[in-house]
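Participant: Supplied in structure tokens, the structure appears directly below.
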Amino acid sequence: MKHANNIAREWSFLLKIKTFFYKLLVEQFIIIKNSKKSKRFLEIGPGEHKIDNFETINIVKSPSTDYIGDATKKINFPNQTFDIIYASHVLEHTPWYKLDDTIYEWARVLKSGGILEIWVPDGLKIAKAFCDAELGINSDYEKDGWFRFNKEKDSTIWFSGRIFSYGDGLGTRGHFNYHLAVFSERYLKKLLSDAGFKDIERMKNEECRGYDHGWINLGIKGIKK
């Protein structure tokens, strides 16, 4: 019995090694294929469906993911690789004290003259809706529909959900789906300016390439100098 268990463990270990190298080969094939393109576009943190002509990187594997990597740290691309980088509702999952480093890293792999497009929850709009509700000015927040774990539609619970998100919904500490930063238009523009971008402007919701998060959507784009 002990011998059989040892064999099972060895086979399991070999299978893990085989899977690892297979994934590595697939990723290298994708890298080589995409490196031949004259223009390259990258989406950070893709949704369920890929945007046409965009390569994708995500912290977790999914059918829409080309590369596995943590975009808040150094990502495995050479300097000035991409013509467009698009990140929708990703940056709020980055610790607020690492935002500068993250934007600088995204700028590193973006070509000079390339465009960075970022969408995040509009913290100012969310905060105003919360304050208006608490002060009895209006209850516009009730139109939002973001009421998981909040049957009574309490404005403070709604605000907590909108600002911090739900993680995995089980209370697991450190889950990647929690929100760790809050943004305003002014602050997001400042982050891009500090990282060496020009022609920084707010985008309209119609310019969103992927899923439209509605009234809380804040989109800012800039051109790398």
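Participant: β-branched (Val, Ile, Thr), surrounded by 13 or more Cβ atoms within 10 Å (Cβ to Cβ) and within 25 Å of ILE51 (Cβ to Cβ), is that true of ILE157?
Facilitator: no
Participant: For region 159-178, which positions are within 15 Å of LEU124 (Cα to Cα) and touching a helix residue (DSSP H, G or I) at 6+ places or on another chain (Cβ under 8 Å)?
Facilitator: The answer is PHE159, ARG162, ILE163.
Participant: Yes or no: region 181-197 includes at least one residue that is under 28 Å from ASN58 (Cβ atoms), in contact with a His (Cβ under 9 Å, 6 or more places away or on another chain) and not aliphatic (A, V, I, L, M).
Facilitator: Within region 181-197, not a single residue is under 28 Å from ASN58 (Cβ atoms), in contact with a His (Cβ under 9 Å, 6 or more places away or on another chain) and not aliphatic (A, V, I, L, M).
Participant: Of all residues in region 134-186, how many are under 17 Å from TRP96 (Cβ atoms), of a type in the set (Phe, Trp, Tyr) and part of a loop (DSSP other than H, G, I, E, B)?
Facilitator: 3
Participant: Ok, one more. Which residue, of TYR178, TYR166, TYR211, is out of contact with any strand residue (DSSP E or B) (no Cβ under 8 Å at 6 or more places or on another chain), of a type in the set (Phe, Trp, Tyr), surrounded by fewer than 18 Cβ atoms within 10 Å (Cβ to Cβ) and touching a residue at least 60 places away in the same chain (Cβ under 8 Å)?
Facilitator: TYR178
Participant: Report, by residue number, each residue of region 191-206 that is more than 22 Å from SER112 (Cβ to Cβ) and loosely packed, with under 12 Cβ neighbours inside 10 Å.
Facilitator: Matches in region 191-206: LYS204, GLU206.
Participant: Residue check: is LEU110 at pLDDT 95 or above, surrounded by 20 or more Cβ atoms within 10 Å (Cβ to Cβ), in contact with a helix residue (DSSP H, G or I) (Cβ under 9 Å, 6 or more places away or on another chain) and assigned by TED's automatic domain parsing to the domain that holds GLY210?
Facilitator: Spelling it out, it is not the case that LEU110 is at pLDDT 95 or above, surrounded by 20 or more Cβ atoms within 10 Å (Cβ to Cβ), in contact with a helix residue (DSSP H, G or I) (Cβ under 9 Å, 6 or more places away or on another chain) and assigned by TED's automatic domain parsing to the domain that holds GLY210.
Participant: Taking the stated definitions as given, is ILE118 surrounded by 13 or more Cβ atoms within 10 Å (Cβ to Cβ), farther than 30 Å from PHE54 by Cα, in contact (Cβ under 8 Å) with a residue 60 or more places away in the chain and of a type in the set (A, V, I, L, M, F, W, C)?
Facilitator: no
The values are calculated or read from the model by the stated rules, or taken from the named source; none is laboratory data. As the structure is a computational prediction, the values presented were derived from the model and not from experiment. Methodologically, a virtual Cβ is constructed for each residue, glycine included, from the backbone with ideal geometry; neighbour enumeration extends over all protein chains shown.
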